[in-house]
Amino acid sequence: QGDLVVWDDILVRSWNTGAGATATCDGDRIVPPLPDTSWEGLHVFDISNELNPDLVASVNLTCGSHTQTGVPDLANNRLLIYNSGSSSTCPSIEIVEIPLGNPAGAAFLRTEPNGRTGSCHDTSVILGDVMRAACAGGNGFTVWSMDPADGGSLTDPMLMYTKTVAGVSIGHSHTFSWDGSVLVFGHEPGGGSQARCESGDAQGDKTLFFYDAETGNQIGPWVLPRPQTST
């Protein structure tokens, strides 16, 4: 998938397909094949020399990495990654720790179930006074609290609620409003390859959904105002 997170001299890359058994060309270098051709997960690079990135760690994850979200935990001198595998066989996120002073020590910490049968395709995080995370995938989304006042933490979020969105089968992504009070949910009708915003298509296929982030109650939709063609 190739999703990227960068923090200072650390770059993390998502790998979501079996690595294969052949060597690959990386600029002017030949990268040898990985010994386990089914490997999927996160590659961690040291980019202190930007002209010559150094692969320092490979974190194997059960469902690979479709997307990832960087969560800085500076109090503990580390970068956390909330990983989304985008697979219904892994209804969860995985939390990975990357020590800022030793990125080669990157390691899987724990799996956080999302409380439903759907996948996590993409995970949004807001810190500061809000301390919430939300994963979109499958037929809806899940919201966690990382606030100790709620019993959560950065490495062990507390599940607040899950939500099924009628007419949705591929939840795609989230964003929070600037103050964390509103959650915007978007989905991917047709798997991103079919026309689903034509005049005769279901209204839900052309809709962004807005929710109260604290309760999960829907507070409004936005519908694409112009029909698209079949192409």
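The values are calculated or read from the model by the stated rules, or taken from the named source; none is laboratory data. Predicted model only: the values in this text are computed from it and were never measured. Glycine also receives a Cβ, built like all others from the backbone with ideal geometry; neighbour counts cover every protein chain displayed. In case anyone asks, the SASA skips ligands and DNA or RNA and just uses the protein heavy atoms, side chains included. Shrake-Rupley method; radii C 1.70, N 1.55, O 1.52, S 1.80 Å.
Scanning the range 207-228 turns up no residue that is of a type in the set (K, R) and surrounded by 15 or more Cβ atoms within 10 Å (Cβ to Cβ). Of the residues examined, T162 is not one that is within 20 Å of N76 (Cβ to Cβ) and of a type outside the set (A, V, I, L, M). Scanning the range 92-124 for residues that are open to solvent by 40 Å² or more (accessible area, probe 1.4 Å) and touching a Pro at 6+ places or on another chain (Cβ under 7 Å) returns P113, T117.
What do you reckon, is Y161 among the hydroxyl-bearing types (S, T, Y) and either part of a helix (DSSP H, G or I) or in contact with a Lys or Arg (Cβ under 8 Å, 6 or more places away or on another chain) (or both)?
No; evaluated as a whole, the condition is false for this residue.
Taking the conditions exactly as written (loosely packed, with under 14 Cβ neighbours inside 10 Å, over 17 Å from the mean Cα position of the chain (by Cα) and touching a residue at least 12 places away in the same chain (Cβ under 8 Å)), does A166 satisfy them or not? Give the derivation first.
Working: loosely packed, with under 14 Cβ neighbours inside 10 Å: yes; over 17 Å from the mean Cα position of the chain (by Cα): yes; touching a residue at least 12 places away in the same chain (Cβ under 8 Å): yes.
Criteria met by A166.
For the range 164-191, a residue qualifies if it is closer than 15 Å to A136 by Cα and either of a type in the set (D, E) or part of a helix (DSSP H, G or I) (or both), and the qualifying residues are E188, P189, G191. Taking the range 58-76 as the range and being over 18 Å from M131 (Cα atoms) and open to solvent by 20 Å² or more (accessible area, probe 1.4 Å) as the test, the residues that pass are S58, N60, T62, H66.
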